[in-house]
Structures are given as C-alpha cells and as structure tokens.
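The values are calculated or read from the model by the stated rules, or taken from the named source; none is laboratory data. Because the structure is predicted, anything quoted here is derived from the model rather than measured. Cβ placement follows ideal geometry from the backbone for every residue including glycine, while neighbour counts extend to all protein chains displayed.
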C-alpha cells in the first residue's frame, strides 16, 4: 500500500494545533466569560399570609402583658388595661429589587425584598390601667402598633425554552434570610413580677433563614423583559427577644410560621454582554 511521506508531519501539525486549542479553552474555563449578561429588575407582588403567620403577627405585635408600676415605697405592682387595636390583614404588598447575571439559559441573582410598614393606629394617646392588687388607676402612653420585614434571597433559575425565546418559563429556587420588626402598643413589662424588663418606644427584631421558590412567565423584548411570577416563601421565625427577655408566641418555645404565597409583576433590564458590545462596535 502506498503511504504519503508528508502525511506524518501534517498529522502531527494537526494534533499540535488541536492540543493547543484545547489547552487554551481549558485555560479560559468551562464557560465564556464575555457571554455573561448582567440584569436588574423591579417587582411588586401580592403576598398572602398563611394562617400561622397572620396569627403570629397579630399576637406578637398586639401583645398586652400589662405594666409594672412602682408606688412611693418602691414596691412594683402589675397594672393592666384593655386595648382596642384593629387586627392586621392577612395579605400585604411586597416590593423587590433583583440584581444578577445570566449565562445562556442559567440565571442567578440576589432578591432584595421589602415589606412596607403595616400600621394599626393607636385609638388614643394614653389609656387607663388598674393595679391588680391595689385597684389604683394610672395612665400609660400608647403608640401605633407596627411591623415590617426585609431580607435577601440568593436565587438560581433556568430558562426552560432557550436563551433568546420571546416567551419563556423560568423556575427558580433560592435561600437567604429575613428580618422581622415589631413596634408594640406601649411600654409593657415582659417577664415575671420579680424579674421583668420594660419595652421601649422602638422596634424589636428577629432574623431567621428563608427558603424561596417561584415560577415566572416572561415576555422578552431584549433588552427589556416583562414577567408574571408566583411562588411560595418559607420562613421560621424565632421567638422575639426584647431587652434580654423572650416574647413567646406559643407555650413550647417553637419556631413561628412566616410562610407566604405570592403573585406579582416584574420588569427586567438585561445589559449587553462583552461579546455583544464588541459586535456592536464592529458594526
């Protein structure tokens, strides 16, 4: 059989070229960095509270354990009175800012979420309290009862119908933390009569882990995208600690339900990748 003497050098040259190319690709990593696109989005949604979450908010925010008031001799007595605050609704509007990046069909972002302050207004500036033993009457200040929350979730998602399709479904899952903040109605005494602390005119907070899932139906008019999304967010709040004392929601010191379901609208701006900028410059 005839064998071309020049075939061996040509084969070696091809192999060397392929190896050099493969080495260069491995040096660049397993993805093309200049194809990454950043994005930012703003969203608002309707958040429905599970029964346990709504009960937790109304119980803790509107707590009324009474006051410890000292007489002229320095002896403290517990005083109590009746409060009439409207209960909080079992829904609210959530606001969101997403900052992230997209590589082909994969997306990841930080979801910064905020619940605007929910307010149950005070019925008066003060209210009457009565000593449980002496029967004496005193006036104590009243404040608006308020709560709000904010947090951050690190989300991961995948475009099911491709990278550049006009209509897309994007499931996402993530985890993070949430901070719950309460402002109570008055300077209540928390604890036993012999060992208590007084609430102050300020917010008290608890921070706990969150788990978030969602599904977005998106229409993409590159670089703008509009999406309708819905999902479920799970949070287990610890008992609130105030001035070193715990305000317990239940008798067994268990975590408190903070779960919500949501439906909302999101507008996204997708920035050009380095590769797209280079192509635009060439044109």
Check: Which ones in region 178-202 are surrounded by 14 or more Cβ atoms within 10 Å (Cβ to Cβ) and in a strand (DSSP E or B)?
Finding: 178, 179, 180, 181, 182, 183, 189, 190, 191, 196, 197, 198
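Which residues, counting only those in region 206-253, are in a loop (DSSP other than H, G, I, E, B) and either in contact (Cβ under 8 Å) with a residue 24 or more places away in the chain or closer than 14 Å to residue 176 by Cα (or both)? Give the steps one after another, and end with the answer.
Within region 206-253, the first condition is being in a loop (DSSP other than H, G, I, E, B), and the residues that meet it are 222-223, 238-239, 243-244, 248-253.
Listed by number, the residues that qualify are 222, 223, 238, 239, 243, 244, 249.
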Note to self: Return the residues of region 59-74 that are over 19 Å from residue 247 (Cα atoms), in contact (Cβ under 8 Å) with a residue 60 or more places away in the chain and in a loop (DSSP other than H, G, I, E, B); say none if nothing qualifies.
What the structure shows: 71
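Would you check which residues across region 254-283 are assigned to a strand (DSSP E or B) and either touching a helix residue (DSSP H, G or I) at 6+ places or on another chain (Cβ under 9 Å) or over 25 Å from residue 99 (Cβ atoms) (or both) and list them? Break it down into steps so the answer makes sense when it comes.
Of all residues in region 254-283, those assigned to a strand (DSSP E or B) come to 256-257, 260-270.
Result: 256, 257, 260.
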Item checked: Residue satisfying all of: in region 104-135; more than 16 Å from the chain's Cα centre (by Cα) and under 19 Å from residue 229 (Cβ atoms); surrounded by the most Cβ atoms within 10 Å (Cβ to Cβ) among these -> 107
Check: If you take the residues in region 75-103 that are in a loop (DSSP other than H, G, I, E, B) and either surrounded by fewer than 14 Cβ atoms within 10 Å (Cβ to Cβ) or touching a helix residue (DSSP H, G or I) at 6+ places or on another chain (Cβ under 7 Å) (or both), which one is modelled with the lowest pLDDT?
Finding: 75
Next item on the list: Could you check residue 104 against (1) on the phi > 0 side of the Ramachandran plot; (2) touching a strand residue (DSSP E or B) at 6+ places or on another chain (Cβ under 6 Å) and say which number it fails?
Entry: (2)
